[in-house]
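In what follows, a structure is listed as structure tokens, so that the remarks can point back to it.
The values are calculated or read from the model by the stated rules, or taken from the named source; none is laboratory data. Not measured: the values here are computed from a predicted model. Neighbour counts run over all protein chains shown; Cβ positions are idealised from the backbone, glycine included.
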Amino acid sequence: MLTATSPLEASVGQRDPLMPTGFDCGAGLTKLCLSSNGKQILLRQPSKVLELKSPLLAELNSPEGGHFYYHSGDRSDLINRQFLTGELVTWKAPITHIKLSDDPALKAEYALHMVLGALASLPHRQQWKLFLVISTHSRKLFNDRLKQLLTGNHIVSFGGQNKPESKVTISLEAVVPEGA
């Protein structure tokens with residue numbers, strides 16, 4: 001039996017409790033399931049990413065995709081860059097985007113992008129503390145890479161560079177086989 005434990009209980013006695021979160025970066029759809037205020041929230045978005053090289057002329061919103069600007073954090077390669085995910089990618093660049101189904105390694109490389117894009121579709125919070133469990137069909141192949149690319153603190157703005165900042169802290173608890 002596989003048991004995941006946390007040094008801190010997920011909700012008792014904390015001002016900003018850890019949010020248990022399940023994540024599956026699939027070839028067609030990315031799924032993120034999190035618990036907030038006693039409710040389960042399921043987010044689905046097409047597994048697509050696009051880096052924006054210039055500002056958007058109009059704000060794009062969709063429950064199946066997001067827009068984020070990465071200010072600072074543990075992913076120094078993303079600082080001062082902005083991305084669209086999911087359905088917003090298809091609207092902005094129907095042909096020139098990255099589809100994660102094109103190469104299994106892309107699911108690991110863009111996992112953080114997909115998590116942040118999903119969070120962008122939710123109401124703004126100053127802080128997110130995700131206790132993340134990832135499901136993948138290539139667990140042995142991508143376990144270390146996923147931990148390296150996701151774990152840590154990420155300061156982002158959802159909806160564009162000039163929007164309020166959010167601190168997203170990700171604790172990657174486990175990478176489990178798909179369907180576990």
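Note on the stretch 122-138: residues that are in contact with a helix residue (DSSP H, G or I) (Cβ under 9 Å, 6 or more places away or on another chain) and not aromatic (Phe, Trp, Tyr) total 7. Of all residues in the stretch 150-165, those that are in a strand (DSSP E or B) have Cβ atoms under 8 Å from Cβ atoms of residues that are among the acidic types (Asp, Glu) and surrounded by fewer than 19 Cβ atoms within 10 Å (Cβ to Cβ), 6 or more apart or on another chain, in 152/74; 153/74; 154/74; 155/165; 156/165; 157/165.
For the stretch 110-144, a tally of residues being surrounded by fewer than 16 Cβ atoms within 10 Å (Cβ to Cβ), out of contact with any strand residue (DSSP E or B) (no Cβ under 6 Å at 6 or more places or on another chain) and not in a loop (DSSP other than H, G, I, E, B) returns 3. From the list 36, 54, the one residue that fits, being polar (S, T, N, Q), without any contact (Cβ under 8 Å) to a residue 24 or more places away in the chain, on the phi < 0 side of the Ramachandran plot and surrounded by 13 or more Cβ atoms within 10 Å (Cβ to Cβ), is 36.
Being at pLDDT below 95, under 17 Å from residue 94 (Cα atoms) and touching a Leu at 6+ places or on another chain (Cβ under 7 Å) narrows it down to one of 6, 62, so name that one.
Selected residue: 62, the only one of 6, 62 that is at pLDDT below 95, under 17 Å from residue 94 (Cα atoms) and touching a Leu at 6+ places or on another chain (Cβ under 7 Å).
Only one residue in 117, 86 is under 19 Å from residue 26 (Cα atoms) and in contact with an Asp or Glu (Cβ under 9 Å, 6 or more places away or on another chain). Which one? Quick ask: steps written out before the conclusion?
Values: 117 fails: in contact with an Asp or Glu (Cβ under 9 Å, 6 or more places away or on another chain).
Result of the check over 117, 86: 86.
For the stretch 75-96, which positions are part of a loop (DSSP other than H, G, I, E, B) and under 21 Å from residue 32 (Cα atoms)?
Applying the first criterion (part of a loop (DSSP other than H, G, I, E, B)) to the stretch 75-96 yields 75, 79-80, 86, 93-96.
Correct list: 75, 86.
The numbered conditions (1) among the basic types (Lys, Arg); (2) surrounded by fewer than 22 Cβ atoms within 10 Å (Cβ to Cβ); (3) assigned to a helix (DSSP H, G or I) are all true for residue 107 except (2).
With the structure loaded, tell me whether residue 156 is of a type in the set (A, V, I, L, M) and farther than 23 Å from residue 89 by Cβ or whether it fails that test.
Considered against the rule, which asks whether it is of a type in the set (A, V, I, L, M) and farther than 23 Å from residue 89 by Cβ, residue 156 comes out as no.
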